[in-house]
Each structure stands twice: as C-alpha cells, then as structure tokens.
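Inspection log for the structure reproduced underneath, given as structure tokens.
The values are calculated or read from the model by the stated rules, or taken from the named source; none is laboratory data. For clarity, every value in this text was computed on a predicted model and none was experimentally measured. Cβ placement follows ideal geometry from the backbone for every residue including glycine, while neighbour counts extend to all protein chains displayed. Side chains are part of the model used for accessible areas, which takes the heavy atoms of the whole protein and leaves out ligands, DNA and RNA. Shrake-Rupley method; radii C 1.70, N 1.55, O 1.52, S 1.80 Å.
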Amino acid sequence: MARRHSLLARLLAMSVVVAGCSIGATAWLAAQSTSGAINQELGETLATDAKIYDSLLGYAAANPQWSGVQQVVADLAAQTGRRITLTTTSRMPIADSGGPQDAQLPQTPSAVVDPLAVDQVLKPDAAASGIDPRAVGPYRLTAAESQELGKAAQRELGCYRQFGEEGVIVVRPNGRPVVQLVPSDEATPVSSTPPAPEPSTAVAPGAPKRRCSEPQQAAETERKAGAELLALVNACLARQGLDPLPAQSAAVTSPEELRTDPGAKRCVDSGRREQLGSYVSPAAHLFITKPGGNHAATDLSTVGTARIAWTALVVLVLTVGMTALAASRLVRPIDAITTAARRMGGGDRSARVSTSARGEIGELAAAFNAMSEQVEHTEQQRKTMVSDIAHELRTPLVNVRGWLEAAQDGVATLDQPLVASLLEETLLLQHLIDDLQDLALADAGKLRVYPEPVHVGALLEQVAAAHRGRADAGGVALVVIVDDDPDLTADPTRLRQALGNLVSNALRYTPSGGQVALRARRAGDQVAIEVADTGVGIAAAALPHVFDRFWRAEKSRNRHGGGSGLGLAITHHLVDVHGGRIAVRSTVGVGTTFTIHLPATAPEHS
C-alpha cells in the first residue's frame, strides 16, 4: 500500500496543513503587529527624544551654564509627557521634571548633551565637525552690527526682485542677516518689506541682469573672533608641522567657511572647541523616561486587535473549508460501500462498490467486492447443491417406490433378485446421506480424527484389497508400491475413507487393460501417498473444480457411472483435517494422479 494513499497519512497531512496555516498566520500576525508596534513606539520615542535633545542642545549652545534650565526641562516634560532629567557627567542632578515617586534613573543615559559633540543619531543633520551651529560664542554680533547688516540685506533683496527673482532674509545663529534666493511661490520674508527701488535703478524688461550680491564683509566682532580662532588653529598646525593658514582667513564671517585640507580641518575643529568652551554649557547626561518608571508607552498586547480578529476568522474559514473538503472525499467511498452493503442485505448478491479510492478505503472497497463475489458464488453453490441433492435422492427413491408399487399392484413379484435390487438402491441412499453428513461435519468444524501410529504399507494393502474385486471385474490392474515403508501418525479409518474415494474414482474412469497404482514414500518431514491411474484424464480447465461438491468429469449424472460427486470434496476435507494437502495433475488420454501430503505426526484434534 502506497504510504501517500494511507488514510492515516492523509489525515496527518491535513492536520499538518491546517496546523501549519494556523501557526504561520499567527506567527505572521504576531510579527507584523509586534514589529509595527515596536516601530511605532521607536518612531514616537525617537521623535520625542530628538525634540527634547535639540531643545536642550540649543540652550547649552547659547548659555555658558545650566543654571536656568529647570524651567526649560519642565516645559518640555509638560509638552511630551516624559520625565526629563539632566545630570552632570558624575550624575549630580542639574534639573529634573520628576518627583519623589519616580523610580531611580537607569544606568545608561539616553544621550549626552554637549553642543561641541552632537549626537548624530538624535540629530542626523548635525555638521560633520560635531559642533552645534548655534554655538557661536565670540562670533555673536552686536545689535548695531546686526541692524547695519540687515539694511544691506534688504537692499540686496530689493535688487533681486527688480530682476524678477525672489528670496528671503535668513538670520544666522550669530545674528548676521543673509539673502537666500528661493522660488517666488515659496518666499516668506523674515523681515519687514524692503523699500521700493529708486526710479533711476529700474530695469526694463528683457535687460541683462547685474550682480546684486556683494562680497560679505566681516563685522568687527567677527574679525576679532576670527583672529582668535586663527591663532589657535595655526598653533595646532605648527605642532603638527603643517603650514599656517593665511592672515586673511580671520576675515571670514563664519568659522564654517574655513575650507582646508583634512589635516588642517582637524585643527580648525579643535580650535573651535577650545574657543567655544567657555561660551557653552558643560556636557551633561540626559535621561528620558516615563513618569513613574522606565517602561514602554505602548501596550503591545492590545495592538492590532481588529487584524487579529480578522486573521483568526480567515484561518477558521480556511480550516473549516479544508476539513469539509477532506471529509467529503473520505466519506464518499464509505457511503458507496454502505449503499452496496444495504443492497446486499436486501438480497442483491451482485452488489459491488465502484470507487477509485486508494489506501485503507480502497482496500476496504476491494475486500467488500471480494466478499460480495464470494457470497454470490456461495449462494449459487447453495442453489446448485440443493438441486443436486434433490436429483441424487430422487433417482433411488423413484426406483424403490416404483418397484414397491408394482409389487403392491401385483405386477411384480418380490423375489430374491428384486429384493437385492431394492437393497442396493437403499444402500446408495445410505451412502449419499453419509457423505452429506461428513460434509456437514466438515463445514461445522466437527469432523474429528483420532490419530494413531499407522503402518502405511498395510493400510494401502487394505484399501487395495477392498477394491480388488471391482478392479478384476473391470480388467484393471491394482498395484501397491511402498518405498521404505515410512512412519505415519493418522486416523486409519478416515485415511482409508479418503484413499478409498480416490481409488474408487480412479477405477471408474480407467478402461480395461489399464492400471491404478497406490504409492507411498518419504518426502522430507512428510509422507506422500499417490493414487495414479491410466484413465481418460481430466481437462486442464476442469482441474480447479475437481474438489467442488457434486462436480463430475462427465455431466450425465449417472450414479452408477459418475458417482455422487461428493467423494473428492469429502477427501479434501479429510486430508485438510489431518493437517495435510492434496493436489492433482492430469493429462487427457494419459491419466490422472492425486497426491496426498501428510505430516509424519498428525495434529491433535479433540
């Protein structure tokens, strides 16, 4: 049986598929919901942390100390719903939005607030130098300088507008206003509207544009800070054996404008940190937690409830559908078998199951069909047997009745020959009844044998002697051949009955001048007894039926020539009850040989 067609294998496969779908859907849903919740939580947390970090970083860049940061921390905590704590690098408190009920701070800070070393994760747009651009220190312009530069920026913006361009005035962290050109639909000036240009400066449409921007001149504050930075940078370069920067570098309006090679760039960044160190707040540890503890803000167990419900419904529908489909395929052949069984119970012995099912169901259907065929064959045999028994009993009874009625009417005289003829018919009836009784015992399993040590040669001689007269009368030679006189344990009476049936059958179909031989020999741990004749033989097509009840090689139903048709069937049962087997081989026109194989020691029967 192919394993893939096994009912158990199909049920297991169906269970595996259903379980796999359920597990897969559950795992996918859990992964999607969890990852979505985590991403949402991380996104919200990072956005909030970045906002808090940037605000405190701006305060640190603009103030040399943290002394006034408590109000900033309180405002940020109120806006974000987080507990915000600032400590020194030695974990001394600076500012805290929490209260006594809040848990202790975690071991690791959320970030380090240092405007001279910006965290690239919380502030991805930070400069490559790591210095916050809001840390301007000595570069911060005075109010007068900012006002003067603002006027120049207004004039520059007005010039651009004359030529159809648009821009806005952007104020740098140190207070310097600069013009930034933008598309006209995005312009949002950050200063008051500039005055209209003078008529003499108006430009006709289509006229070539002139340059409106002029080289920016460093304010006095910027020049002083630039000179200080240049001294620090050149000192660093000198320590590394590099050439100093030119003196005009001190005239830049912003330290970021110092474009140098990588070696000098390191010195510029180092000099800037040294220059700004006294203008910014010292580095501080930032702790961002939830009020009342450091736990997540999102409860993952309640995320995606609707998705979970819909997914569970889909899995349930698929499971029910697959189960119904598999069940219908499994039940269909069973229904066919049930229908066929009901037909058989109703008397239709030809009921069969037509199904293409395989595995256990297919084997059940095949077994039912085999059983149905056997029942039909048995029923046919029963009908035939009843007919045959009626025929076998009718002939002698008709003969007896006819002669008795004739004697009663005075037509026939009950003389010695007639009485002998009636006795012969009675004996035939008795023999037929005895045969039927033996078959009934065999069918009921009550055909008993009483084994004992048997002298095989003597038993064969007894059988031959019992049939010698008939053989001589028919001109048939009856011989006994025994090799080594093998030992045998059997029921001598039943064995003589079986051999007698075979010899009687052989004499019946062996013509005058022929021979019937009884042979015995040792065959391993068995004893083989043969009854061979040189008679007419049996056709090959008829050999499988020789042990059927009421079967005859000739169909004339002549009891005196064809026998009752029960002898070979009884012989088969007698051999079987001894634990042996019987076989037949025959050639038409040559003869027939029946061979009985018996164990040397017969089985015990109660």
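Criterion first (farther than 28 Å from Gln381 by Cβ and modelled with pLDDT of 90 or more) does Val516 satisfy it? When the stated conditions are applied, Val516 passes them.
With respect to Ala406, determine if the residue is open to solvent by less than 60 Å² (accessible area, probe 1.4 Å), of a type in the set (A, V, I, L, M, F, W, C), in a loop (DSSP other than H, G, I, E, B) and free of Cβ contacts under 8 Å to residues at least 60 places away in the same chain. It is false that Ala406 is open to solvent by less than 60 Å² (accessible area, probe 1.4 Å), of a type in the set (A, V, I, L, M, F, W, C), in a loop (DSSP other than H, G, I, E, B) and free of Cβ contacts under 8 Å to residues at least 60 places away in the same chain. If you check Asp49, Asp54 for being at pLDDT 85 or above, open to solvent by less than 80 Å² (accessible area, probe 1.4 Å), under 55 Å from the mean Cα position of the chain (by Cα) and charged (D, E, K, R), only one passes: Asp54. Among the residues of segment 563-596, write down those that are open to solvent by less than 30 Å² (accessible area, probe 1.4 Å), part of a strand (DSSP E or B), at negative phi and not hydrophobic (A, V, I, L, M, F, W, C). The answer is Ser586, Thr592, Thr593, Thr595.
Is it fair to say Glu156 is modelled with pLDDT of 85 or more, open to solvent by 40 Å² or more (accessible area, probe 1.4 Å) and outside any loop (DSSP other than H, G, I, E, B)? Against the criterion (modelled with pLDDT of 85 or more, open to solvent by 40 Å² or more (accessible area, probe 1.4 Å) and outside any loop (DSSP other than H, G, I, E, B)), Glu156 qualifies.
Scanning segment 341-370 for residues that are within 39 Å of the chain's Cα centre (by Cα), touching a residue at least 24 places away in the same chain (Cβ under 8 Å) and either outside any helix (DSSP H, G or I) or over 21 Å from Leu330 (Cα atoms) (or both) yields a total of 2.
A residue that is assigned to a loop (DSSP other than H, G, I, E, B) and out of contact with any helix residue (DSSP H, G or I) (no Cβ under 7 Å at 6 or more places or on another chain) can be found somewhere in segment 415-436. Among the residues of segment 85-133, those identified as touching a Gly at 6+ places or on another chain (Cβ under 7 Å) and surrounded by fewer than 17 Cβ atoms within 10 Å (Cβ to Cβ) are Gln101, Ala103, Ala117.
Of all the criteria given as (1) touching a residue at least 60 places away in the same chain (Cβ under 8 Å); (2) touching a strand residue (DSSP E or B) at 6+ places or on another chain (Cβ under 9 Å), the one not satisfied by Pro64 is (2). Of the listed requirements (1) modelled with pLDDT under 90; (2) in a helix (DSSP H, G or I), Gln104 misses just one: (2). Any residue at all in segment 495-502 that's open to solvent by 30 Å² or more (accessible area, probe 1.4 Å), of a type in the set (Lys, Arg), in a helix (DSSP H, G or I) and free of Cβ contacts under 8 Å to residues at least 12 places away in the same chain? The answer is no, given that none of the residues of segment 495-502 is open to solvent by 30 Å² or more (accessible area, probe 1.4 Å), of a type in the set (Lys, Arg), in a helix (DSSP H, G or I) and free of Cβ contacts under 8 Å to residues at least 12 places away in the same chain. Can you find a residue in segment 119-135 that is more than 30 Å from Val182 (Cα to Cα) and either modelled with pLDDT of 90 or more or under 60 Å from the mean Cα position of the chain (by Cα) (or both)? The answer is yes, given that some residue of segment 119-135 is more than 30 Å from Val182 (Cα to Cα) and either modelled with pLDDT of 90 or more or under 60 Å from the mean Cα position of the chain (by Cα) (or both).
Answer yes or no as to whether Ala528 is of a type in the set (A, V, I, L, M, F, W, C) and assigned to a strand (DSSP E or B). Yes.
What do you reckon, is Glu425 within 30 Å of Gln381 (Cα to Cα), of a type outside the set (A, V, I, L, M) and over 60 Å from the mean Cα position of the chain (by Cα)? Yes: the conditions hold for Glu425.
Remark: Ala506 falls outside the filter, which requires a residue to be surrounded by fewer than 18 Cβ atoms within 10 Å (Cβ to Cβ) and assigned to a helix (DSSP H, G or I). The number of residues in segment 335-351 being in contact with a helix residue (DSSP H, G or I) (Cβ under 9 Å, 6 or more places away or on another chain) and at pLDDT 80 or above comes to 5.
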